[in-house]
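Participant: Take a look at this one; I'll ask things after.
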Amino acid sequence: MKTNRQRALRTAGFSVLGLAFVLALGLTATGTQLFAGGSAEGNPARAAGVALEGAGASFPAPLITAMADEYRDYTGGRITVNYQSIGSGGGIRQFIEQTIMFGATERYLSDEQVAEIEASTGGTAFNMPITLGSVAPTYNIPGVDTGLVFTGEVLVDMYRGEITHWNDPRIVELNPGVDLPAVPVQIVHRSDGSGTTNVWTDYFSKVSGWWADNVGFGTSVDWPRGTGANGNEGVAGVVQTTPGALGYNSLVYATLNDIPYGAVINSSGETILPDLPTTSAAANIDLPADTRVSITDTPAADGYPIASFAWVMVYERLDANSAIETREQAEELVRFLYWTITDGQELSEPLDFARLPQAAVDRATDMLRRLTWNGEAVGAEVIAAIAQR
Amino acid sequence: MTVRARYIRDGVMRSLLIASTLFIVVPLLIIISYVLINGIGALNWNFFTVELGSPARAMQGRPTGLAHSIVGTVIIDLMALAFAAPVGIAAGIMLSEYPDNPINPPLRVLSSTLNGMPAILMGLLAFALVVRPFGGFSAVSGSVALAFVMFPIIARSVESVLRTTPWSLREVGLALGLPRWRVIISTVLPAAKTGILTGVLIAFARAAGEAAPLLFTSFGQNYMNLDPGRAMDTLPQRLYSLAISPYREWHAMGWAAAIVLLVFVMTCFFVARLVAGRFGTRADG
């Protein structure tokens, strides 16, 4: 015999299962509908605001996210830019996979990558400079503070094991008056693929034929010696806990965490301590139109020699990027990117980032002007409209 | 054996059991108190009401928090549960109640393969199945990835719970001439509901702590987002990225996020026990 209680229980069990089913179906339906993009224009709640998605290099992430914060206030909360720091390699990967509207990288797209994109989308991919960064030699020598002087050759010889002690005559000669102890040099490098490593080894390859022939440059290389550590924080950690350590870190990272870092003598024979003006100055050279250029070992006399652009990657044909669904998104993306290279640059110094030199801003603007949406010159229109205001 | 020897043996076994219990419990308490000590300082009103934004906010002492990550975690986990629970329970019933069905061998292989898969592969699966075809990261793809984590746990626990319900229950129903599906729904499931609920909640809590499957699916978000078709933030993933960031303020927030996640998971278990206890006594009475 069924009691009321049993019946109630069974009904309860039933309805829980049923509810779960209905919920699952409902959510799937909503999800699909949203994915299809059909609701983007139809839904007034979404049409009111535009969300832009980007990802990539960790080095410019503090600047880009601060720009996103500022831009959201500037547009009265209408435009939200979500930038996730996943590394340069991840940024390039997801940009090619077309899961993000723009990528960011410390290493410009290779000729092969650009050629592939041109073949598959019918338009090129731009590397638009957004900021500049320096990589500083960081060290832990008892009794020695920031400002030890290096040359490119000395750094290379330390990394390849030709110089094994901190009191080596070649280091002493560069640093008269500094009391260098007879401590062995402990080399630290990144174990993960990194834009920082790319800049560091790119410089090494330019100043040393041996390095160029035997190691080369890239986001990760086959190091002749040393200890690997994961991320900027990993290298910093090993350097800070190992007396005699020599590593390399983004300048922002070294200053933020009070790690002693050195000056490097540039190609004009000037001793340059990395800071914001000397980093900006490094880019003060003849820039090619696509800005895909390495500025390490810069010919600029007042420039720090281990610096690099960080670039934002966008497809020339914005409609060819499957992450961008509507023309409105494309327009807002152009508007945001143009803002980052103009007004947005004001945020650089307070956050310890180097401002783009005017030549780079001009090149970047030219790129944005060429962006199209289904054949229409969205980039030129948006920039012209801003200029008229 | 003398009584004295038995007492001695009893004492030895008892102390061994106590020792092994402590061996498990003490490290757990240490971990929980360590998280509490490190994170309690960063837990404030802003933490629950403000979005993260850029690290500049934290460095310049402006309000910043993880409101969007908490909301995102709840949405993504509930959607994942809605995907996984019906399918998982159905699979468990299939495996236990229809052992001869030809669908079962492949189902069992699928379930145990999924169970043994590293969680990051669930993320990869969801990336290939959802993110790439639809051209963008989304909360739904994160839920699908977590549903893959939940499914085998639910299916297995439902199967084993149903197996332990006495055969006499089924025989009663079948003797009355009820069809098999009716017997399952009317007698087997109600008898096993406490166990099923526990299994579902264990799966839920396990998935709620996963960060790896979400890295390239729900992806992460710096602002509040309620649209399941776009990138969304979750506590485990945000905890990870806060922990590896170079900012001291963010490290503190990471610890605070760990407290919230711990409380979230522990509350799930607590509620589960409460509900199960209530239903349990009613069914007995």
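Participant: Tell me which residues, restricted to the range B:179-190, are more than 10 Å from chain A (Cβ to nearest Cβ) and hydrophobic (A, V, I, L, M, F, W, C).
Facilitator: B:181, B:183, B:184, B:188
Participant: I need a count of the residues in the range A:58-80 that are assigned to a loop (DSSP other than H, G, I, E, B), at the interface with chain B (Cβ under 10 Å from one of its Cβ atoms) and crowded, with 22+ Cβ neighbours inside 10 Å.
Facilitator: Number satisfying all stated conditions: 1.
Participant: So residue A:290 clears everything in (1) modelled with pLDDT under 95; (2) surrounded by fewer than 22 Cβ atoms within 10 Å (Cβ to Cβ); (3) more than 24 Å from residue A:87 (Cβ to Cβ) except one condition, right? Which one?
Facilitator: (3)
Participant: Filter the range A:348-366 down to residues that are aliphatic (A, V, I, L, M) and surrounded by 22 or more Cβ atoms within 10 Å (Cβ to Cβ) and give me whichever is nearest to the other protein chains (Cβ to nearest Cβ).
Facilitator: A:354
Participant: Only one of B:224, B:253 is out of contact with any Leu (no Cβ under 9 Å at 6 or more places or on another chain) and either buried (at least 18 other Cβ atoms within 10 Å of the Cβ) or within 10 Å of another protein chain (Cβ to nearest Cβ) (or both). Can you tell me which?
Facilitator: After ruling out the rest, the residue left standing is B:224.
Participant: Could I ask something else about it? Quick check on residue B:49: is it within 21 Å of residue B:261 (Cα to Cα), in contact with a Ser or Thr (Cβ under 7 Å, 6 or more places away or on another chain) and either modelled with pLDDT of 95 or more or away from every other protein chain (no Cβ under 14 Å) (or both)?
Facilitator: no
Participant: Can you confirm whether residue B:140 is of a type in the set (Val, Ile, Thr), in a helix (DSSP H, G or I), without any contact (Cβ under 8 Å) to a residue 40 or more places away in the chain and within 13 Å of another protein chain (Cβ to nearest Cβ)?
Facilitator: So residue B:140 fails the test.
Participant: For the range A:135-166, give me each residue that is over 23 Å from residue A:197 (Cβ atoms) and either exposed (fewer than 14 other Cβ atoms within 10 Å of the Cβ) or not assigned by TED's automatic domain parsing to the domain that holds residue A:244 (or both).
Facilitator: A:142, A:143, A:145, A:147
Participant: Return the total of residues in the range A:367-389 being surrounded by 15 or more Cβ atoms within 10 Å (Cβ to Cβ) and over 24 Å from the mean Cα position of the chain (by Cα).
Facilitator: Final tally of qualifying residues: 7.
Participant: Does residue B:76 fit the bill of being more than 9 Å from chain A (Cβ to nearest Cβ) and out of contact with any Ser or Thr (no Cβ under 8 Å at 6 or more places or on another chain)?
Facilitator: The answer is no for residue B:76.
Participant: Which residue out of B:124, B:129, B:162, B:81 is within 14 Å of another protein chain (Cβ to nearest Cβ) and within 25 Å of residue B:258 (Cβ to Cβ)?
Facilitator: So the residue among B:124, B:129, B:162, B:81 that is within 14 Å of another protein chain (Cβ to nearest Cβ) and within 25 Å of residue B:258 (Cβ to Cβ) is B:81.
Participant: Please determine, by comparing only the residues of the range B:227-250 that are closer than 24 Å to residue B:79 by Cβ and of a type in the set (Lys, Arg), which one is farthest from the other protein chains (Cβ to nearest Cβ).
Facilitator: B:238
Participant: Here is a follow-up. Could you check the range A:305-323 and list, in sequence order, the residues that are closer than 30 Å to residue A:153 by Cβ and in contact with a helix residue (DSSP H, G or I) (Cβ under 8 Å, 6 or more places away or on another chain)?
Facilitator: A:305, A:306, A:307, A:308, A:309, A:310
Participant: If residue A:99 meets every condition in (1) surrounded by 17 or more Cβ atoms within 10 Å (Cβ to Cβ); (2) in the same structural domain as residue A:292 (by TED's automatic domain parsing) apart from one, which number is that one?
Facilitator: (2)
Participant: Of A:256, A:251, which residue is within 14 Å of chain B (Cβ to nearest Cβ), closer than 28 Å to residue A:173 by Cβ and aliphatic (A, V, I, L, M)?
Facilitator: It is A:251.
Participant: Kindly indicate the residue of the range A:299-316 that is surrounded by fewer than 22 Cβ atoms within 10 Å (Cβ to Cβ) and touching a strand residue (DSSP E or B) at 6+ places or on another chain (Cβ under 9 Å) and also modelled with the highest pLDDT among those meeting that condition.
Facilitator: A:316
Participant: Further question: State all residues of the range A:81-120 that are hydrophobic (A, V, I, L, M, F, W, C), within 13 Å of another protein chain (Cβ to nearest Cβ) and not in a loop (DSSP other than H, G, I, E, B); if no residue qualifies, say none.
Facilitator: A:81, A:95, A:96, A:102
Participant: On to the next question. Kindly provide the set of residues from the range A:97-108 that are more than 13 Å from residue A:52 (Cα to Cα) and either hydroxyl-bearing (Ser, Thr, Tyr) or touching a Lys or Arg at 6+ places or on another chain (Cβ under 7 Å) (or both), ordered by number.
Facilitator: A:97, A:105, A:108, listed by residue number.
Participant: Separate question: Which pairs turn up if I take residues in the range A:210-229 that are in contact (Cβ under 8 Å) with a residue 60 or more places away in the chain and look for partners that are hydroxyl-bearing (Ser, Thr, Tyr) and assigned to a loop (DSSP other than H, G, I, E, B) with beta carbon separation below 6 Å, at least 6 apart in sequence or on another chain?
Facilitator: Pairs found: A:219/A:194.
Participant: In the list B:155, B:211, which residue meets the criterion of being surrounded by fewer than 21 Cβ atoms within 10 Å (Cβ to Cβ), within 18 Å of the chain's Cα centre (by Cα) and not aromatic (Phe, Trp, Tyr)?
Facilitator: B:211
Participant: Next question. Just the residues that are closer than 20 Å to residue A:337 by Cβ and aromatic (Phe, Trp, Tyr), please, taken from the range A:104-142.
Facilitator: Residues satisfying the conditions are A:108, A:126.
Participant: Let me ask another. Go over the candidates A:91, A:122 one by one and state the one that is within 18 Å of residue B:132 (Cβ to Cβ) and either assigned by TED's automatic domain parsing to the domain that holds residue A:290 or of a type outside the set (Asp, Glu) (or both).
Facilitator: A:91
Participant: Can you name the residue in the range A:307-359 that is in a helix (DSSP H, G or I) and of a type in the set (Val, Ile, Thr) and is also farthest from residue A:107 (Cα to Cα) among such residues?
Facilitator: A:334
Participant: Further question on the same structure: Which residues, counting only those in the range B:85-100, are closer than 13 Å to residue B:159 by Cβ, of a type outside the set (Phe, Trp, Tyr) and in contact with a helix residue (DSSP H, G or I) (Cβ under 8 Å, 6 or more places away or on another chain)?
Facilitator: Across the range B:85-100, the qualifying residues are B:88, B:89, B:91, B:92, B:93, B:94, B:95, B:96, B:97.
Participant: If you check B:118, B:99, which single one turns out to be away from chain A (no Cβ under 14 Å) and either among the acidic types (Asp, Glu) or touching a residue at least 60 places away in the same chain (Cβ under 8 Å) (or both)?
Facilitator: B:118
The values are calculated or read from the model by the stated rules, or taken from the named source; none is laboratory data. In this text the structure is predicted, and so the values were computed from the model without any measurement. Cβ atoms come from the backbone with ideal geometry, glycine included; neighbour counts cover every protein chain shown.
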